[in-house]
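Written below as structure tokens is the structure these notes are about.
The values are calculated or read from the model by the stated rules, or taken from the named source; none is laboratory data. Values in this document were obtained by computation on a predicted structure and should not be read as measured data. Counting neighbours? That spans all protein chains shown, and the Cβs are built from the backbone with ideal geometry, glycine included. Please note that ligands, DNA and RNA were not included when accessible areas were found on the heavy atoms of the full protein model with its side chains. Shrake-Rupley method; radii C 1.70, N 1.55, O 1.52, S 1.80 Å.
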Amino acid sequence: MIDYRIQPIAEFSPKIGELVSMLEHTRAVTLEEMKNLSEEELDFLVTPESNSIGALLQHIAAIEFVHQVISFENRDLNEHELEEWKSALELGEAARKNIRKHTISYYIEVLTQVRAKTMERVKELDDNWLFEEKKWPNGVPYNYYYLWFHVLEDEINHRGQIRTIKRLFATSTNIQ
């Protein structure tokens, strides 16, 4: 059952626990929405230029992975990581070509593995870490709290797109 409370979680510092509560709620809702999707639904394209549900799910995992690297390792993706995640990060034509023919179990496993690493790493941190300030190469400041807010924001945004694609898939199969 999905928990509809944002609250600290015992094994984390208070603010990180609240962030984890939000991350886990967001993911639980996403997984509930996706749990019964067929491969056909996962690969469905609304238009030839759109992204599939599968690509969007892979993108959600990729965004979290990138934020892990930035947050926990203080670096950008290396060549191997970029090669592995590039289609999912950029979406578009490469994603339409490369992210297909997977079951929902595959996407759930990818999301689960990435999230497990996030949970493992944030357990080691305290609330002060959330507010540590860094600067992007262009000089714009950010903190880790914002980075992880963006992970939430990105997943929620793409979940909305996924809901729309699901409705359009249902409509298209009813017309045929």
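Among Asn36, Asn78, Asn143, determine the one that fluctuates most according to a GNM of the chain built with springs between C-alpha atoms less than 10 Å apart. Of the options given, Asn78 has the highest mean-square fluctuation.
Across every pair of non-identical alpha carbons in the range 27-67, the mean reciprocal distance, once inverted, gives a Kirkwood radius of 11.1 Å. For the options Arg115, Arg100, Arg75, a Gaussian network treatment of the chain with springs between C-alpha atoms closer than 10 Å singles out Arg75 as fluctuating the most. Heavy-atom accessible area for Lys101, with the other protein chains in place and a 1.4 Å probe, reaches approximately 130 Å².
Among the protein heavy atoms of the range 1-84, carbon and sulfur supply 52% of the accessible surface, probe 1.4 Å, non-protein parts ignored. Taking other residues whose beta carbon is less than 9 angstrom from the beta carbon of His102, and scoring Lys, Arg as +1 and Asp, Glu as -1, yields 0.
In the chain, inverting the average of 1/r over every pair of distinct C-alpha atoms gives 17.2 Å as the Kirkwood radius.
Taking each DSSP H run with n ≥ 4 as -39500 (n - 2.57) and averaging over every residue of the chain yields -22500 deg cm²/dmol at 222 nm. Which of the pairs Lys15/Lys35; Lys86/Lys117; Lys35/Lys101; Lys101/Lys166; Lys97/Lys166 have their Cα atoms more than 23 Å apart in this structure? Over 23 Å apart, Cα to Cα: Lys15/Lys35. Separation of the range 45-61 and the range 5-40, taken as the distance between their Cα centroids, equals 21 angstrom. The distance linking the range 129-176 with the range 68-107 is 15 Å (Cα centroid to Cα centroid, whole angstrom).
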